[in-house]
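**Student:** The structure follows.
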Amino acid sequence: MSSEWKPTNNPKDALGTAKAPLHLIPAPALAAMSMAFLEGREKYGQYNWRVTGVRASIYHAALLRHMLAWFDGEYVDPDSGLPHLWKAIACLAILIDADALGALEDDRPPQAPTAELMQRTKELGESIRKRLQCYDPYQYTEKNRHDGPQEDTGPKFRDQAEVGEVESVGPSTPAGDTVLCPHCFRTSSYVHSFSRITSGGTESVREFRCPEHGIWEVSVTD
């Protein structure tokens, strides 16, 4: 078979491309799902959920348990002997199928403003990253856990040139000024300022670096 692709005039091509592109589903995912459904078939009976119905909360909780266990380093589910990811994809498939057939009992909690909250966490995350940009901690993963520090060596800071110029904090504490650390009363140098979104509004925050306690801050609600 030639690997060179050439366009055809087959009228079925136009019809086929307008339908669900099932060929895009990875074969390993289908094989994994089939093993999870085989276990369910032998234990509960095939397609039982289409007749008995399922509760959304039950499969949502099961999905979270499998994903949390997998993400925390456990590959195989000890109850079934199957990988957690295989069980997780089966949970999603049952939810989708039951929902399509009207067999899904919707016992989800009352709707919350999650989208709005996610937007706020995005803004808060940007604020956190900006506030802590002078820190340079080691980021541990399972792969590199033995390469980093194995004991607490205190905070590590980036070079000022890497962090960039700090912002001015106004006439009361201009950049370069020093104040006393409230913990040990040692001289602390100004780092930068930023705004933080809280439940009560917006805070103006100034950060200082103490040689003993590292970064500490002073915040004022606007």
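None of the figures in this text is laboratory data; all of them are computed from the coordinates on show. The model shown is predicted, which means the values in this text are computed figures rather than measured ones. Counting neighbours? That spans all protein chains shown, and the Cβs are built from the backbone with ideal geometry, glycine included.
**Student:** Within the range 54-90, work out how many residues are under 20 Å from residue 34 (Cα atoms) and either in a loop (DSSP other than H, G, I, E, B) or in contact (Cβ under 8 Å) with a residue 60 or more places away in the chain (or both).
**Tutor:** 8
**Student:** Filter the range 91-145 down to the residues that are without any contact (Cβ under 8 Å) to a residue 12 or more places away in the chain, more than 27 Å from residue 41 (Cβ to Cβ) and in a helix (DSSP H, G or I) and list them by number. Write out each step before concluding.
**Tutor:** Residues of the range 91-145 that are without any contact (Cβ under 8 Å) to a residue 12 or more places away in the chain, as a first pass: 96, 99-100, 102, 109-119, 121-122, 125-126, 128-129, 139-141, 143-145.
Right, trim to more than 27 Å from residue 41 (Cβ to Cβ) and you get 109-119, 121-122, 125-126, 128-129, 139-141, 143-145.
Matches in the range 91-145: 114, 115, 116, 117, 118, 119, 121, 122, 125, 126, 128, 129.
**Student:** I'm trying to understand the selection: among the residues of the range 36-77, which are exposed (fewer than 13 other Cβ atoms within 10 Å of the Cβ) and on the phi > 0 side of the Ramachandran plot?
**Tutor:** 45, 73 - these are the residues of the range 36-77 that are exposed (fewer than 13 other Cβ atoms within 10 Å of the Cβ) and on the phi > 0 side of the Ramachandran plot.
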